[in-house]
Amino acid sequence: MENVPAERSLRKVPAAYDSKIEGNVIFTRLDAAMNWMRKNSLWPMPMGLACCAIELMAAASARFDIARFGAEVMRFSPRQSDVMIVAGTVTYKMALAVKRIYEQMPEPKWVIAMGACASTGGMYRSYAVLQGIDQLLPVDVYVSGCPPRPEALLEGLIKLQEKISGEHSLREQRPQLMEKIESFA
Ligand code: SF4
């Protein structure tokens, strides 16, 4: 440890200023840092159910390169995913399987409804089709189109990243835990 003269150690030296480490220190909130890490490393659960899934695959290809937004690690295991991209027509037969897979994803987690079918049932006003996955899951971002182009999905992803940046990670996602912590304070 550096020997600091006694008279200098009594002076108040502002942190990250007038010091050897100036320029290498960032001050932030814990929530902001966690949200920044989360939004730039989203692992999608590609819930491809119909034609929109082709555009989802295209978004991951070299031409559109979803890796530019840190979301290239598609996982077919819900335990390792944090954003479900519902791409395609959700039939009633499939709907409960989609919900079960969503429930297996760990918190925090998000949902993108990709395309008209996943958002509203699309052109299928039919007894066999769920009229929007938001009837079962909390959707964060809707992407319009039949099918949406890969760029539209990427824009949806950017919107989700903006939403995640503003989240209060603990208070909003674990309100009961926060209440417990505050009751000890
Ligand atoms: S929105 Fe269009 S392209 Fe997408 S699943 Fe429905 S019918 Fe197919």
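Throughout, read-outs are computed from the coordinates displayed, never taken from laboratory work. All values reported here derive from a predicted model rather than from experimental measurement. Every residue, glycine as well, gets a Cβ built from its backbone with ideal geometry; the counts of neighbours run over all protein chains shown.
Quick look at the numbers
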{"quantity": "Label point distance in nm, ARG100-LYS159, each placed 7 Å from Cα along Cα→Cβ", "calculated": "3.1"}
{"quantity": "DSSP-defined antiparallel bridges as percent of all bridges, the stretch 43-174, nearest 5", "calculated": "5"}
{"quantity": "Spacing of the two label points (7 Å from each Cα toward its C-beta) at ALA185 and TRP43, in nm", "calculated": "3.1"}
{"quantity": "Other-chain or far-sequence residues with amide H under 5 Å of VAL111's (modelled H)", "calculated": "MET84, ASP140, VAL141"}
{"quantity": "Cross-link pairs LYS109/LYS163; LYS99/LYS159; LYS39/LYS159; LYS39/LYS99; LYS109/LYS159 - those with Cα-Cα distance over 20 Å", "calculated": "LYS99/LYS159; LYS39/LYS99"}
{"quantity": "Segment GLU151-ALA33, length gained on full extension (0.36 nm per residue, minus Cα span)", "calculated": "39.8 nm"}
{"quantity": "Long-range amide H partners of GLY48 with built H, under 5 Å", "calculated": "ALA87"}
{"quantity": "Cα→Cβ-extended label distance, 7 Å offset, between GLN176 and VAL73, nm", "calculated": "2.8"}
